[in-house]
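Okay, structure first, notes after.
The values are calculated or read from the model by the stated rules, or taken from the named source; none is laboratory data. Every value quoted in this text rests on a predicted model; they were computed, and no experiment measured them. Glycine also receives a Cβ, built like all others from the backbone with ideal geometry; neighbour counts cover every protein chain displayed. To get the accessible areas, we keep the full protein, side chains included, count just its heavy atoms, and leave off ligands, DNA and RNA. Shrake-Rupley method; radii C 1.70, N 1.55, O 1.52, S 1.80 Å.
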Amino acid sequence: MKPVERHLADILGTVRPLAPLEVDLERALGTVLAEDVTAPVSLPPFDNSAMDGYAVRAGDVVNVPVSLSVTEDVAAGDGALRAIGSGMVARIMTGAPVPAGADAVVPVEWTDAGRTQVTIHKQVQPGNAIRLIGEDVRAGDVVLREGTRIGAAQLGILAGVGRRRVRVRPQPRVVVLSTGAELAEPGTPLGPGQIWESNSFMLAAAVREAGAEGFRAGAVTDDPNRFLDILDAQLLRADAVITSGGVSMGAYEPVKEALAPLGRVVFEKVAMQPGMPQGFGLVGDDNVPIFTLPGNPVSAFVSFVLFVRPALRQMQGLPATLPETVKATTTAPLHSPPGRRSFLRAVLTGGTVAPVHGQGSHQLAALASANALVIVPEDVTVLAEGATVEVIPL
Ligand code: AMP
Ligand code: MG
């Protein structure tokens, strides 16, 4: 059987980062920067008031209380300002430019709030309540590096440095196709021998959680020709395809029957549990990567975490590796088949990890109650309670 690392290495050796493109800021959320972003000007671009109050010369506000004359109002957005002379103040609002001559802002709370004459009853230090030019960013500074995923705060600073368009790697568009004649659409009644189709919802959601765009495409069939037709139609809008089911050893395995003869998708046994039957390759004229995951829901999920998620990261120009692990102490004995790496569903709390009840690869409820996968290595078949284990937090 093929080691987990080798399967991932084959995938990462094939999958290419998507080509960068320029997008409007409105479309940039969730994409990954493909350029370093620098500030064209300093931020703040000018000294401005951090509070509503009075712009003063601190030297005029030493012996308090003191009464000073108010020359003008300065609001946020005001441009040409008169300089503040000795014994004078300007009433100033938050965000308004500090007039020349002033070196401190006195908060309105320290005053009688006068409009033409103001009495200040507290001493002020030079620089008080003034936000200095360049205090956040200096002109020419890099504010975001290539390879940064754009979230809300990153969008904020992009706009904050005046960018309208930005060069990014887009979110991969990933089509999810489920196969299986036994599958009924959720929301419809179950016929004899049927189960509700869950993998396409789960995998499309996992794709979105991984920062890509996931689309469910109905391919609930066990007919290889029909599967190929649906795949062909979906390739138009796909940067990658995930299928579930139809890759095992039985009869009616449409994915394998349809793709194996084309010779560009390799079907293999990977030394893991759950998720042994795996397939990966390229399809269509555009060489779209395809991940053919096993149909058991827990197997499909674990396969996604180990193989598809890193590949989606690589497509976005991000570092791609097996999931990070933490160490924890198991609260119960663990069992694993020889020669295969187990990924047991578990609840991780602090430094301890408790396997959940129901480790079958069909036991989706158990998966949904877990928040971690405990790894039991290939050469280990049993671990005692209290053993230290590697854990993948989910
Ligand atoms: P297969 O890999 O097609 O042999 O399927 C393995 C098991 O997973 C079978 O019990 C299927 O009924 C189940 N299964 C396959 N696809 C799905 C799906 N999309 N949703 C829920 N269960 C599935
Ligand atoms: Mg099937």
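A few comments on the model shown:
- Single condition Tyr252 does not satisfy, out of (1) within 11 Å of ligand 2 (Cβ to nearest atom); (2) under 17 Å from His7 (Cβ atoms); (3) touching a residue at least 40 places away in the same chain (Cβ under 8 Å): (2)
- Within segment 162-205, the set of residues being closer than 29 Å to Glu35 by Cα and open to solvent by 10 Å² or more (accessible area, probe 1.4 Å) comprises Gly162, Arg163, Arg164, Arg165, Arg167, Arg169, Pro170, Gln171, Arg173, Ala205.
- Residue match in segment 323-340 (condition: closer than 24 Å to Lys2 by Cα, touching a helix residue (DSSP H, G or I) at 6+ places or on another chain (Cβ under 8 Å), at pLDDT 95 or above and open to solvent by 50 Å² or more (accessible area, probe 1.4 Å)): no
To keep it simple, each residue is scored yes or no on (1) within 36 Å of the chain's Cα centre (by Cα); (2) at pLDDT 95 or above; (3) surrounded by fewer than 21 Cβ atoms within 10 Å (Cβ to Cβ).
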site: Pro17; (1), (2), (3): yes, yes, yes
site: Val23; (1), (2), (3): yes, yes, yes
site: Gly30; (1), (2), (3): yes, yes, yes
site: Val66; (1), (2), (3): no, yes, yes
site: Val74; (1), (2), (3): no, yes, no
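- Here is the figure for segment 206-229: residues that are within 20 Å of Leu364 (Cα to Cα), within 14 Å of ligand 1 (Cβ to nearest atom) and either β-branched (Val, Ile, Thr) or open to solvent by 40 Å² or more (accessible area, probe 1.4 Å) (or both) total 2.
- Out of Asp239, Asp232, one residue alone is open to solvent by 70 Å² or more (accessible area, probe 1.4 Å) and assigned by TED's automatic domain parsing to the domain that holds Pro289. It is Asp232.
- Qualifying residue in segment 302-312 (condition: surrounded by 15 or more Cβ atoms within 10 Å (Cβ to Cβ) and within 16 Å of ligand 2 (Cβ to nearest atom)): yes
- Contact map, segment 261-273: residues that are over 28 Å from Gln363 (Cβ atoms) and open to solvent by 60 Å² or more (accessible area, probe 1.4 Å) paired with residues that are part of a strand (DSSP E or B) and of a type in the set (A, V, I, L, M), Cβ distance under 7 Å, separation 6+ or inter-chain. Pairs shown: Arg264/Leu282; Arg264/Val283.
So that you can scan it fast, the table gives a plain yes or no per residue for (1) within 23 Å of Gly134 (Cβ to Cβ); (2) charged (D, E, K, R); (3) at pLDDT 95 or above; (4) surrounded by 13 or more Cβ atoms within 10 Å (Cβ to Cβ):
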| position | (1), (2), (3), (4) |
| --- | --- |
| Asn48 | yes, no, yes, yes |
| Asp60 | no, yes, yes, yes |
| Asn63 | no, no, yes, no |
| Val70 | no, no, yes, yes |
| Val98 | yes, no, yes, yes |
| Asp103 | yes, yes, yes, yes |
| Thr119 | no, no, yes, yes |
